[in-house]
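**Student:** Here you go, one structure.
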Amino acid sequence: MKAGILGGGQLGRMLLQAAANYTVETWVMENDPNCPAAHLCHHFVQGNINDYEAVYAFGKGLDVLTIEIESVNVDALEKLESEGVKVYPKPSAIRTIKNKILQKKFYEANDIPTSAFIVTEHLNDLNQHISFLPAVHKIGQGGYDGKGVQVIEDEQAIKKGFDAPAVLEKMVPIHKEIAMIVAMNEKGETVLYPPAEMVFDPVLNLLDYQLSPASLPEKVFWKAEAIALRVVKALNSPGLFAVELFVDKNEEVLVNETAPRVHNSGHHT
């Protein structure tokens, strides 16, 4: 079987390490020929994972194609899927998740608990929502690893926001941040790993370290598991997902974000 990965970062490298246990011929496409995954795959193709023609040409000779980062050309993935290439997760799921606005609306439409939010189109829109602060402003597309996220504490901090389509999310009194790794196959069967507690650098907003299994009351554990399963079932797509969750001081569980791919909260898996 020929399996391709779009993206060649450290997550792609770890995915290749896992793939080494199976009879699979691996292909990777990434712009940087010196990326972490380049020397572990059977075949490396230098190319832009956001370019339609490059992604289509890369994928059309493969049996299965997956991603290690959301910023890929989804139109090309949809074309490949229509031609019989198995794309995991489904392009429809990637399209929903890669846009923070669509992602929050997806949670709302499926009654999945998440923080209150307001969609903004321009920076000036924040001036209309002073009473909603403190909040977190997340750019609609292109943010990752702490980039594209700004905490807006008060009116004076509005200038830190984004003059682009974005989501303004109400600040949650966080007790813990956890993540659930969920795998689903084409039959809809699921497997969950125990929740991992994620501890972030307060300045860089990057994962510093994690503890797994997370130390949680039993009722919070079951609540987190049920919510993570609901997210993946609603996406209606096979694949590997990381559902990031907030546990607040009242032990309520809210979805923060979902990643449709291997994730840094699952390195230990």
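**Student:** Which one of T269, V72, A183 has its Cα pushed farthest toward the positive end of the charge dipole of the chain, where Lys and Arg give +1 and Asp and Glu give -1 at the Cβ?
**Tutor:** A183
**Student:** Per q in 0.13 1/Å, what log10 I(q)/I(0) does a Debye calculation on the alpha-carbon atoms of the chain return?
**Tutor:** -0.89
**Student:** If one takes the longest principal axis of the Cα atoms in the chain, at what angle in degrees, from 0 to 90 and to the nearest 10, does the Cα axis of helix 10-19 lie?
**Tutor:** 50 degrees
**Student:** Now for a different question. When we measure straight from the Cα of K160, which aspartates and glutamates land under 18 angstrom away, once same-chain ones fewer than 8 places off are left out?
**Tutor:** Result set, ordered by chain and number: E121, D125, D145, E169.
**Student:** Using only Cα atoms, tell me the angle between helix 218-235 and the longest principal axis of the chain; keep it within 0 to 90° and round to the nearest 10.
**Tutor:** 60 degrees
**Student:** Here is a further query. Assuming R0 = 51 Å, can you tell me the calculated FRET efficiency for the pair D163 and A226, based on Cβ-Cβ distance, to the nearest 0.05?
**Tutor:** 0.85
**Student:** Could you grab the relative contact order for the chain? Cα pairs under 8 Å, six or more apart, rounded to a whole percent.
**Tutor:** Reported relative contact order: 16 percent.
**Student:** What residues qualify as long-range amide H neighbours of I174, i.e. H under 5 Å apart, gap of 5 or more or another chain, H built at 1.01 Å from N?
**Tutor:** none
**Student:** In whole Hz and in residue order, list the ³J(HN,Hα) couplings for the stretch 201-213 that follow from phi through the Karplus curve 6.51 cos²θ - 1.76 cosθ + 1.60, θ = phi - 60°; x for Gly and Pro.
**Tutor:** Whole-Hz 3J(HN,Hα) from phi for the stretch 201-213: 5, x, 8, 7, 6, 10, 4, 8, 7, 9, 10, 9, x.
**Student:** OK, next. At 0.36 nm per residue, and after removing the present C-alpha to C-alpha distance, how many nm does the segment from H175 to Q156 gain when stretched out fully?
**Tutor:** Full extension of this stretch gives 4.2 nm more.
**Student:** Given axes a ≥ b ≥ c from the Cα gyration tensor, I'd like to know whether the stretch 117-170 is rounded (a/c under 1.5), prolate (a/b larger than b/c) or oblate.
**Tutor:** It comes out prolate by the Cα gyration axes.
**Student:** Hey, another quick one. How much length is gained on full extension from N50 to Q128, taking 0.36 nm per residue of separation minus their Cα-Cα distance?
**Tutor:** 24.6 nm
**Student:** Name the long-range amide H neighbours of T258: under 5 Å, sequence gap of 5 or more, or other chain; modelled H, no Pro or chain starts.
**Tutor:** E244
**Student:** If you don't mind, there's one more thing I want to ask. Can you give me the distance in nm between label points at V203 and A109, each placed 7 Å from the Cα along the Cα-to-Cβ direction?
**Tutor:** Spacing of the two 7 Å Cα→Cβ label points: 4.1 nm.
Read the figures in this text as sums done on the coordinates, not as results from a lab. Small disclaimer: the values here were computed from a predicted structure and weren't measured. A quick note on method: Cβ atoms are made from the backbone with ideal geometry, for glycine too, and the neighbour counts reach across all protein chains shown.
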